[in-house]
Amino acid sequence: MSRRRKLTQDELNLWRRVADTTEKLAPAKADVDLPPEMPKPQIIPTPKTPIPALPQRQKPYAPAISFDLADQLEHRLETAPIRMDHKAFKRMKRGKLKPEGRIDLHGMTLDRAHPALIRFILTSAASGKRLVLVITGKGKDRDDYDPIPTRRGVLRHQVPHWMTIPPLVSHIIQFTPAHISHGGEGAYYVYLKRQR
């Protein structure tokens, strides 16, 4: 491709004279309102001073909250203080003591199991029994996929709570998970106070 050469001054003058003698081929159109020229955008310079750093976010004081109570239950029962005779407690944990009464709660709903447990413990304490067995069951896996998850073994986790509130707490010395021969994780030994 060849380079375009620059026109000399004489050639430019000649071209202007020829261009002045010519007429436009198309007649002039009526004046049309053209939109005004848009102003060029202004570029705002960046500030020379540095922007101060944002303060570090402080963590609000809040105690650690755990919403999974399933793991805490076993830990809480294992670390509970022993309030009965240590030898009897060891024999009870090994399944050597025979329960004098038992109640089977599994299969019941919470609203049926709570009054049944209260009635059983109060009746057993009134009749002078010392060691009773409360069977809750281990709980079953649920097949339904609800938007609100349901804990496995609701009774197994609720019964220890019921034993720590009135009216049962005043009749119970100790409760602990049962030996495997009496139901294991799905049952509790409840050692009752002697009636006077």
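The values are calculated or read from the model by the stated rules, or taken from the named source; none is laboratory data. This structure is a prediction, so every number in the text was calculated from the model and none was measured. Neighbour counts run over all protein chains shown; Cβ positions are idealised from the backbone, glycine included. Please note that ligands, DNA and RNA were not included when accessible areas were found on the heavy atoms of the full protein model with its side chains. Shrake-Rupley method; radii C 1.70, N 1.55, O 1.52, S 1.80 Å.
Some points to look at:
- Heavy atoms of Phe175: accessible area, 1.4 Å probe, square angstrom to 10: 30
- Exceeding the 20 Å Cα-Cα cut-off - candidates Lys96/Lys140; Lys96/Lys138; Lys93/Lys193: Lys96/Lys140; Lys96/Lys138
- In this simple spin-label model, placing a label point 7 Å from the Cα along the Cα-to-Cβ direction at both Arg83 and Gln42 gives a separation of 8.0 nm.
- Ordered from largest to smallest accessible area (heavy atoms of protein chains, 1.4 Å probe), the residues Asp111, Asp104 come out as Asp111, Asp104.
- Calculated from backbone phi, Karplus (6.51, -1.76, 1.60) coupling profile of the stretch 118-126 in Hz, x at Gly/Pro: 4, 4, 5, 5, 5, 5, 5, 5, 5
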